[in-house]
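The values are calculated or read from the model by the stated rules, or taken from the named source; none is laboratory data. On a predicted model such as this, the values are computed, not experimentally measured, just so you know. Cβ coordinates were reconstructed from backbone atoms using ideal geometry, including for glycine residues, and neighbour counts include every protein chain displayed. Just so you know, the surface numbers come from the protein's heavy atoms only, side chains and all, with ligands and any DNA or RNA stripped out. Shrake-Rupley method; radii C 1.70, N 1.55, O 1.52, S 1.80 Å.
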Amino acid sequence: VVAEIISVGTELLLGQIVDTNAAYLSEALAELGVDVFHRITVGDNFERVTAALRSAKARADVLITIGGLGPTQDDLTKEAVAEVFDEELALDEPSLRFIEELFARRGRRMTANNRKQALIYAGGRPIPNPHGTAPGALLEKDGKLALSLPGPPREFRPMVDGFVIPYLAERASGRRMILQHRVLRVVGIGESAIETRIADLVAGVNPTLCTLAHTGECHLRITAKAPSPEEAAALIAPLEAEVRRRLGEAVYGADAMDLPRTVVAMLRKRGRQLAVAESCTGGGLGALITSAPGAHYVFLGGVISYQNAVKARQLGVDRALLSEYGPVSAPVARAMARGVRERFGADFGVSITGMAGRGEPG
Ligand code: AMP
Ligand code: MG
């Protein structure tokens, strides 16, 4: 099954809001094994929404629109879907009653344009929305499934979890596939260097392997598609072993085991303790380490030795070393690490020195 997501809203194009709904839906669909090859974002314009829907309809089995179900003129998603599927919109009495009751409960006057929210595809049906006024709408026609979902995340997410995913799962039962990921975390080798070592593996289809550059590290994501988690894991295991064989210790962890967690876990296992001396990071390294569960066992603390005087006084860095090599140098970094290790009684001292905050205050 191939699905396509069409996010409708000029505010998305202007960058005023981030399309968190599409990300949420993409993740849920991936988990279900539904392929999403395209995602479209289009403004609140009838012609452009219609054009987007036509191209999606030509490519995908399932079209899922986000937003534009509200009562106002610029909410035109259902009108555009109806146009593309040559379908009528008809007033859905139960939806209208639900909206009327909602207004009555809130003690607010319902304006005429709110009736628009109860318009549903004549040959389709509404999707109940317990968290808002606008129901979603569903249409099966021309061998396609069109789902129209509301924009507000607190209405959208429950509808995805409570209706869309179960509905698609039910529809696909029998030939249901799941997607399973394994993320290998790599430090010390750049993305391009990694790629040259695993290029032949990247060409695979199931499982797939791709590299993702992150700040300070690179991730290798292995994704397998299979009818069950066990079968997916069996597809992933040999590829993971081969990647690990080629990259060796550069693969420091997997999945949720990020660098701080891995460092803390390794120290804990060995019964060792760590102290840090930081200059330009201003405590950032300590913050990273203390973000990992179990840090209190292994992390003693640190010194933020931003100025040379502190490097000298608190860490015992030789002033001659500072003037000969400058504070941003390997000899000073070594002296900082040694200083903090000795003064804190740690097994390991780690130091960072570099340039930051050199400009004039604005
Ligand atoms: P709409 O149904 O298009 O009138 O959208 C109602 C509200 O939902 C907007 O004002 C946004 O705050 C929010 N919204 C709409 N689309 C999205 C989206 N794709 N992701 C996150 N929030 C959205
Ligand atoms: Mg809108």
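Only residues that are open to solvent by less than 50 Å² (accessible area, probe 1.4 Å) and away from ligand 2 (no atom under 16 Å from the Cβ): list them for region 74-88, please.
A82, V84, F85, E87, listed by residue number.
Any idea which of V2, V36 is away from ligand 2 (no atom under 16 Å from the Cβ), open to solvent by 10 Å² or more (accessible area, probe 1.4 Å), under 28 Å from S228 (Cα atoms) and more than 18 Å from the chain's Cα centre (by Cα)?
From the options V2, V36, the qualifying one is V2.
For region 14-24: of the residues being near ligand 1 (Cβ under 9 Å from one of its atoms) and not polar (S, T, N, Q), which is least open to solvent (accessible area, probe 1.4 Å)?
Only one residue fits best here, namely A22.
Can you confirm whether E11 is out of contact with any Lys or Arg (no Cβ under 7 Å at 6 or more places or on another chain), open to solvent by 30 Å² or more (accessible area, probe 1.4 Å) and away from ligand 2 (no atom under 12 Å from the Cβ)?
no
For region 188-203, indicate whether the set of residues that are farther than 16 Å from L247 by Cα and open to solvent by 50 Å² or more (accessible area, probe 1.4 Å) is non-empty.
Yes - at least one qualifying residue is present in region 188-203.
State whether one or more residues within region 49-61 are within 10 Å of ligand 1 (Cβ to nearest atom) and open to solvent by 70 Å² or more (accessible area, probe 1.4 Å).
No: region 49-61 contains no residue that is within 10 Å of ligand 1 (Cβ to nearest atom) and open to solvent by 70 Å² or more (accessible area, probe 1.4 Å).
Restricting attention to region 138-184, report how many residues are open to solvent by 60 Å² or more (accessible area, probe 1.4 Å), in contact with a Lys or Arg (Cβ under 8 Å, 6 or more places away or on another chain), closer than 19 Å to E230 by Cβ and not in a strand (DSSP E or B).
Counting residues in region 138-184 that are open to solvent by 60 Å² or more (accessible area, probe 1.4 Å), in contact with a Lys or Arg (Cβ under 8 Å, 6 or more places away or on another chain), closer than 19 Å to E230 by Cβ and not in a strand (DSSP E or B) gives 1.
Quick check on my filter: what residues within region 262-279 are assigned to a loop (DSSP other than H, G, I, E, B) and open to solvent by less than 40 Å² (accessible area, probe 1.4 Å)?
Across region 262-279, the qualifying residue is only S279.
Is there any pair linking a residue in region 217-230 that is in contact (Cβ under 8 Å) with a residue 60 or more places away in the chain to one that is open to solvent by 20 Å² or more (accessible area, probe 1.4 Å) and part of a strand (DSSP E or B), with Cβ under 6 Å and at least six apart or on different chains, and which?
Pairs found: K225/L179.
Taking region 324-340 only, how many residues are more than 38 Å from the chain's Cα centre (by Cα) and either within 14 Å of R313 (Cα to Cα) or surrounded by 16 or more Cβ atoms within 10 Å (Cβ to Cβ) (or both)?
Number of matching residues: 5.
Which of (1) open to solvent by less than 50 Å² (accessible area, probe 1.4 Å); (2) hydroxyl-bearing (S, T, Y); (3) within 16 Å of ligand 1 (Cβ to nearest atom) does Y121 not meet, given it meets every other one?
(3)
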